[in-house]
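S.K.: Before I ask anything, here is the structure I am working with.
The values are calculated or read from the model by the stated rules, or taken from the named source; none is laboratory data. Note that the coordinates shown come from a computational prediction; the quantities given were computed from them, not determined experimentally. Note that each Cβ is placed from the backbone with ideal geometry, even for glycine, and that neighbours are counted across all protein chains shown. With ligands, DNA and RNA removed, areas are computed over all heavy atoms of the protein, side chains included. Shrake-Rupley method; radii C 1.70, N 1.55, O 1.52, S 1.80 Å.
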Amino acid sequence: MEIPSKFDSKGIESKWYAYWQEHNFFKSTPDEREPYTIVIPPPNVTGVLHMGHMLNNSLQDIIIRRARMMGYNACWVPGTDHASIATEAKVVAKLKAEGIEKSELTRDEFLKHAWDWTEEYGGVILEQLKKLGCSCDWDRTKFTLDPDLTESVLQVFEKLHDQGLIYRGFRMVNWDPEAQTTLSDEEVIYEEKNGTLYHIAYQVEGSEDQVIIATTRPETLLGDTAVCIHPEDERYQHLIGKKVHVPLTDRVVPIITDDYVAMDFGTGCLKVTPAHDPNDKLLGEKHQLEVIDIFNADGTLNEFGGKYQNKDRFEVRKLIAKDLEAQHLLVKTEPHSHKVGVSERTKAVIEPRLSDQWFLKMETLAKPAIDAVLNSEDIQLLPDKFKNTYRHWMENIRDWNISRQLWWGQRIPAYYYGKGKEAYVVAQNEQLALEKARLKSGDNSLELKDLRQDEDVLDTWFSSWLWPISVFDGIRNPNNQEIEYYYPTQDLVTGPDILFFWVARMIISGYAFRDEKPFSKVYLTGLVRDKKGRKMSKQLGNSPDALKLIEDYGADAVRVGLMLSSAAGNDLLFDETLCQQGKNFANKIWNAYRLIEGWEIQNNLAQPKSAQEALQWYENHFEKTLAWVDENFEKYRISDALMSLYKLIWDDFCSWLLELIKPEYGLPIDRKSYTEVIALFEKNLRILHPFMPFLTEELWHFINERKAADALTVSAWPKAQKFDQKQIADFELAQQIIVGIRNFRNEKNISHKESISLYINTDADEITFEASILKLGGVAEITYSSPPEELVGGSFRIHNLELFIPTDAAEDPEAEKEKLTAELHYTRGFLASVEKKLSNERFVANAPEKVIALERKKAADAKEKILLLEKNLAAL
């Protein structure tokens, strides 16, 4: 079958992906092999592929493809997350565009719209991952709202509640006025914002005195229920026990004392608003103050807002400032920079709000997860610099607010009976709840109509923290074959931004529900940034269309482009030119095979010495590179692994090996050389396959017609063999001599087609790889001695060797002297740096013996070269 002249990625990607799926190469079922399991970080069900997904899933696919080739039973579980806040917001926006308000719908009516939306748009991202080449077991695709996963979530809620770890509490929570739900502390991002500090006068009742209070949120004064001073602050002793008028209201509130107030901060007077500040709430409880909540759920003011009712909080802030100024109560304003909490999802400014919520006690649950990462290291974070971040979160963990005021998600399985919310039971369905309620209340007359299920849903993370267990049905059926076989999984590849949201909580749930780690290694990728270092975002317009990149460059090229700029834990500076580099690499490999395939083969032709040398060298060099690639995979340096393969194939295979075995124009190649280079090319394809699956599979089948069982994707990963390091080093010397000859030709304007003679000043009878030097250097003969004195020509040096090429080109002594002087200066500096390293006692005591020996050889070679350069300079 003749190979096309150009590599067409579009044509082959769909062909080979369909082929792999048709033959179930990605499917995994428990068998006698050792499993290698990865669970995908489930993207939002309504999401589309972006650069972060491309990086994360390329890494996972590279790892799982290599594991499959190494003989493991590779299982990569795909799926999507229902993403309560994000999905509900999209559905609400869609309905609003159709003239429908969420408030006009019943819960069931809204959920029907949400499910319709999910079925129409959900799962698109999984289809897009197939275009990237992701080798997931698609038969295992899960969704966090699947009935079996929902049942697992409700079962876990019931179990934790029965253990006394889940409880209801009236607490100050983070309220997102846009999504109209609570958020956990981890879902609040604190951003530095420029604001205003308002100095407001509060009139003391029955007096001309005023107390001045500074605040960034003047609108909350409508909820003030006290002013607080320090009991030992001499400035305000005369005010203790008095009251002040709350500006713009007809209310008076007490002046209280508490040592919580810092006398040296601001004016030393503090307005107390228990409904809208967590510290004020504590003061309010301590001093039994009234609590006045002035906000509606959407951030507008309620009936306690007086004339500002139904106006947005930020609009009211401006109006109150004007009204205070009109009444001469606004003493002054000044610019003020401070941190403001915003919703990670909607970017709305968070409002502290008192609310009845469900919480999960975390302190006891977190202990095994702390030990697993920080002490026993059963779980590795890569790179380990993230251990400090993990330590900070886990050692300062707070109870998890797990309830959300939404409709899309797993509804909290708490059922109230009687009046209010004091009497309730937790059960997985209504019928079980009725049985529990009758038993708990002693009232057998209770009926289903007497039960009221809690309106809230669970935090999305409360379903995804079970992901490595629930995808194998390990909650409902803890001893089933799949969970026993696939769990714990091997690797988790994700971003450090969800190290606590998801990773830490999965570790917690693993020990809580299976008494075992959920995975062994966590590979934390960096953020994808543009080439200027800016985070990619729609607002900046610097986030490329992931699918268009695949369309323009091909999936393999995009994968290579991402890996070339990605190191674990470091942010990736993405430049589209890297995809072009990946495309160029694909074309280079394609054309290399076209070159080999185009050679005429002659069976009875002897193998040239240059081809024999080159093929032996490349075999050794391949084995050395393979060992390095394997080591990098073990250390999760995936980018370094690809870089070594890139150099192996582009430089060593294409630029050196093929040039050395290539027959003269119009002449055939011997059968032995052809067979050996094809075998080496196949080895290249095997170790490149995880990175570039489509190109390599296409070429694999061009080389030979193969049955499905012999497809590259399920072929064996090469096992590293011993290699001859001396032969590799000898060839490196030959390469440097060849490059030196080529440079000499360029300097002297000697045609590369013109045959030359070469003198090498050495005691050896010959240099290893002489045939290679003769062929690629265009050398007719090599003489191993100094040239006759009368011979005209030029010289250059490689390490401690002096090489001389006879030529009619006139030598410029001054130019040669300048060149030798510069080389001598460089070599002396190099020797000084090596000797400094060798004089460092700590380096000599701790470095491996091989490293020390190499440094000593460098020093010896440098000294020898210095002597040679000094001799040549003296001769000039």
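S.K.: Please enumerate the residues belonging to segment 481-512 that are open to solvent by 10 Å² or more (accessible area, probe 1.4 Å) and of a type in the set (Val, Ile, Thr).
M.R.: Within segment 481-512, just ILE498 meets the criteria.
S.K.: Can you find a residue in segment 791-798 that is in contact (Cβ under 8 Å) with a residue 60 or more places away in the chain, open to solvent by 40 Å² or more (accessible area, probe 1.4 Å) and among the β-branched types (Val, Ile, Thr)?
M.R.: For segment 791-798, residues in contact (Cβ under 8 Å) with a residue 60 or more places away in the chain, open to solvent by 40 Å² or more (accessible area, probe 1.4 Å) and among the β-branched types (Val, Ile, Thr): absent.
S.K.: Oh, and also: How many residues are small (Gly, Ala, Ser) and assigned to a strand (DSSP E or B) if we restrict to segment 165-196? Let's see the steps before the verdict.
M.R.: As a first pass, look at segment 165-196 and keep what is small (Gly, Ala, Ser): 169, 179, 184, 195.
From what is left, the residues that are assigned to a strand (DSSP E or B) are 169, 195.
Adding up the residues that qualify gives 2.
S.K.: Is it true that LYS387 is closer than 19 Å to PRO518 by Cβ, in contact with a strand residue (DSSP E or B) (Cβ under 7 Å, 6 or more places away or on another chain) and among the charged types (D, E, K, R)?
M.R.: yes
S.K.: Inspect segment 535-554 for any residue being open to solvent by less than 10 Å² (accessible area, probe 1.4 Å) and assigned to a loop (DSSP other than H, G, I, E, B) and give the result as yes or no.
M.R.: yes
S.K.: Moving to a separate point now. Among (1) within 30 Å of ILE638 (Cβ to Cβ); (2) in contact (Cβ under 8 Å) with a residue 12 or more places away in the chain; (3) open to solvent by 90 Å² or more (accessible area, probe 1.4 Å); (4) of a type outside the set (S, T, N, Q), which single condition is LYS440 missing?
M.R.: Of the numbered conditions (1) within 30 Å of ILE638 (Cβ to Cβ); (2) in contact (Cβ under 8 Å) with a residue 12 or more places away in the chain; (3) open to solvent by 90 Å² or more (accessible area, probe 1.4 Å); (4) of a type outside the set (S, T, N, Q), the odd one out for LYS440 is (1).
S.K.: For segment 257-270, give me each residue that is open to solvent by less than 60 Å² (accessible area, probe 1.4 Å) and either modelled with pLDDT of 95 or more or farther than 17 Å from ALA201 by Cα (or both). Before the answer, list the steps.
M.R.: Taking segment 257-270 and keeping what is open to solvent by less than 60 Å² (accessible area, probe 1.4 Å), we get 257-258, 261-262, 267-270.
Within segment 257-270, THR257, ASP258, VAL261, ALA262 meet the criteria.
S.K.: Take LEU270 and tell me if it is touching a residue at least 24 places away in the same chain (Cβ under 8 Å), within 14 Å of THR216 (Cα to Cα) and not small (Gly, Ala, Ser).
M.R.: yes
S.K.: Under 9 Å between Cβ atoms, which residue pairs at least 6 apart in sequence (or on different chains) link something in segment 314-333 that is under 18 Å from GLY195 (Cα atoms) and open to solvent by 70 Å² or more (accessible area, probe 1.4 Å) with a partner that is of a type in the set (Phe, Trp, Tyr) and assigned to a strand (DSSP E or B)?
M.R.: Pairs that qualify, where the first residue is under 18 Å from GLY195 (Cα atoms) and open to solvent by 70 Å² or more (accessible area, probe 1.4 Å) and the partner is of a type in the set (Phe, Trp, Tyr) and assigned to a strand (DSSP E or B), are VAL331/TYR198; LYS332/TYR198; THR333/TYR198.
S.K.: Right, something else. Tell me, yes or no, whether segment 831-848 has at least one residue that is in a loop (DSSP other than H, G, I, E, B) and polar (S, T, N, Q).
M.R.: Checked segment 831-848: at least one residue is in a loop (DSSP other than H, G, I, E, B) and polar (S, T, N, Q).
S.K.: Just the residues that are surrounded by 15 or more Cβ atoms within 10 Å (Cβ to Cβ), out of contact with any Leu (no Cβ under 8 Å at 6 or more places or on another chain) and in a loop (DSSP other than H, G, I, E, B), please, taken from segment 271-297.
M.R.: HIS276, ASP277, ASN296, ALA297
S.K.: Let me ask you something else. If you check GLN410 against the conditions, is it closer than 18 Å to ILE166 by Cα and out of contact with any strand residue (DSSP E or B) (no Cβ under 9 Å at 6 or more places or on another chain)?
M.R.: Criteria not met by GLN410.
S.K.: Criterion first (modelled with pLDDT under 95, open to solvent by 30 Å² or more (accessible area, probe 1.4 Å) and within 24 Å of ARG317 (Cα to Cα)) does GLN237 satisfy it?
M.R.: Values: modelled with pLDDT under 95: yes; open to solvent by 30 Å² or more (accessible area, probe 1.4 Å): yes; within 24 Å of ARG317 (Cα to Cα): no.
No, not satisfied.
S.K.: Do we have GLU187 as touching a Ser or Thr at 6+ places or on another chain (Cβ under 9 Å) and either surrounded by 15 or more Cβ atoms within 10 Å (Cβ to Cβ) or of a type in the set (Asp, Glu) (or both) here?
M.R.: For GLU187, the condition - touching a Ser or Thr at 6+ places or on another chain (Cβ under 9 Å) and either surrounded by 15 or more Cβ atoms within 10 Å (Cβ to Cβ) or of a type in the set (Asp, Glu) (or both) - is met.
S.K.: Taking the criterion of being under 28 Å from ILE85 (Cβ atoms), of a type in the set (S, T, N, Q) and in contact with a strand residue (DSSP E or B) (Cβ under 8 Å, 6 or more places away or on another chain), would at least one residue in segment 493-506 satisfy it?
M.R.: yes
S.K.: Does any residue of segment 282-299 turn out to be in contact with a helix residue (DSSP H, G or I) (Cβ under 9 Å, 6 or more places away or on another chain), farther than 30 Å from GLN180 by Cβ and of a type in the set (A, V, I, L, M, F, W, C)?
M.R.: no
S.K.: Pick from segment 776-790 the residues that are under 17 Å from LYS748 (Cβ atoms) and surrounded by 18 or more Cβ atoms within 10 Å (Cβ to Cβ): which of them is modelled with the lowest pLDDT?
M.R.: Initial filter on segment 776-790 (under 17 Å from LYS748 (Cβ atoms)): 777-780, 787.
Imposing the further condition that a residue be surrounded by 18 or more Cβ atoms within 10 Å (Cβ to Cβ) reduces the set to 777-779, 787.
Values: GLY777: 95, GLY778: 95, VAL779: 96, PRO787: 91.
Per the criteria, the residue is PRO787.
S.K.: Looking at LEU562 and the list (1) out of contact with any strand residue (DSSP E or B) (no Cβ under 8 Å at 6 or more places or on another chain); (2) assigned to a helix (DSSP H, G or I), which single condition is not satisfied?
M.R.: (1)
S.K.: Same structure again: For segment 613-638, which residues satisfy the criterion of being surrounded by 19 or more Cβ atoms within 10 Å (Cβ to Cβ) and of a type in the set (Gly, Ala, Ser)?
M.R.: The answer is ALA614, and nothing else.
S.K.: Please determine, by comparing only the residues of segment 245-256 that are touching a helix residue (DSSP H, G or I) at 6+ places or on another chain (Cβ under 8 Å) and either more than 18 Å from HIS328 (Cβ to Cβ) or of a type outside the set (Val, Ile, Thr) (or both), which one is most open to solvent (accessible area, probe 1.4 Å).
M.R.: Per the stated criteria, the residue is LEU248.
S.K.: Can you name every one of the helices (runs of 4 or more DSSP H) wholly within segment 430-507 that holds 2 or more residues which are modelled with pLDDT of 95 or more and closer than 27 Å to PHE519 by Cβ?
M.R.: The qualifying helices (runs of 4 or more DSSP H) are 461-464, 467-470, 481-486.
S.K.: Six or more apart or on different chains, Cβ under 7 Å: which pairs go from a residue in segment 578-601 that's part of a helix (DSSP H, G or I) to one that's open to solvent by less than 10 Å² (accessible area, probe 1.4 Å) and of a type in the set (Asp, Glu)? Could you list them?
M.R.: GLY582/ASP556; ALA586/ASP556
S.K.: When segment 756-775 is examined, which residues are found to be open to solvent by 60 Å² or more (accessible area, probe 1.4 Å) and at pLDDT 95 or above?
M.R.: Residue satisfying the conditions is LYS775 alone.
S.K.: Just checking, which of VAL253, VAL261 is under 18 Å from LEU283 (Cα atoms) and either outside any strand (DSSP E or B) or free of Cβ contacts under 8 Å to residues at least 12 places away in the same chain (or both)?
M.R.: Working: VAL253 fails: either outside any strand (DSSP E or B) or free of Cβ contacts under 8 Å to residues at least 12 places away in the same chain (or both).
Just a single option satisfies the conditions, and that option is VAL261.
S.K.: Right, next: Within segment 849-869, count every residue that is open to solvent by less than 80 Å² (accessible area, probe 1.4 Å) and either touching a helix residue (DSSP H, G or I) at 6+ places or on another chain (Cβ under 7 Å) or not in a helix (DSSP H, G or I) (or both).
M.R.: 8
S.K.: Also, quick follow-up: Filter segment 146-198 for residues that are over 19 Å from ARG514 (Cβ atoms) and among the basic types (Lys, Arg); which is modelled with the highest pLDDT?
M.R.: ARG168
S.K.: On to the next question. State whether one or more residues within segment 8-19 are part of a loop (DSSP other than H, G, I, E, B), modelled with pLDDT under 95 and open to solvent by less than 10 Å² (accessible area, probe 1.4 Å).
M.R.: Looking through segment 8-19, none of the residues is part of a loop (DSSP other than H, G, I, E, B), modelled with pLDDT under 95 and open to solvent by less than 10 Å² (accessible area, probe 1.4 Å).
S.K.: A further question follows. Looking at segment 339-347, is at least one residue open to solvent by 70 Å² or more (accessible area, probe 1.4 Å), farther than 30 Å from GLU516 by Cβ and not in a strand (DSSP E or B)?
M.R.: Checking segment 339-347: at least one residue is open to solvent by 70 Å² or more (accessible area, probe 1.4 Å), farther than 30 Å from GLU516 by Cβ and not in a strand (DSSP E or B).
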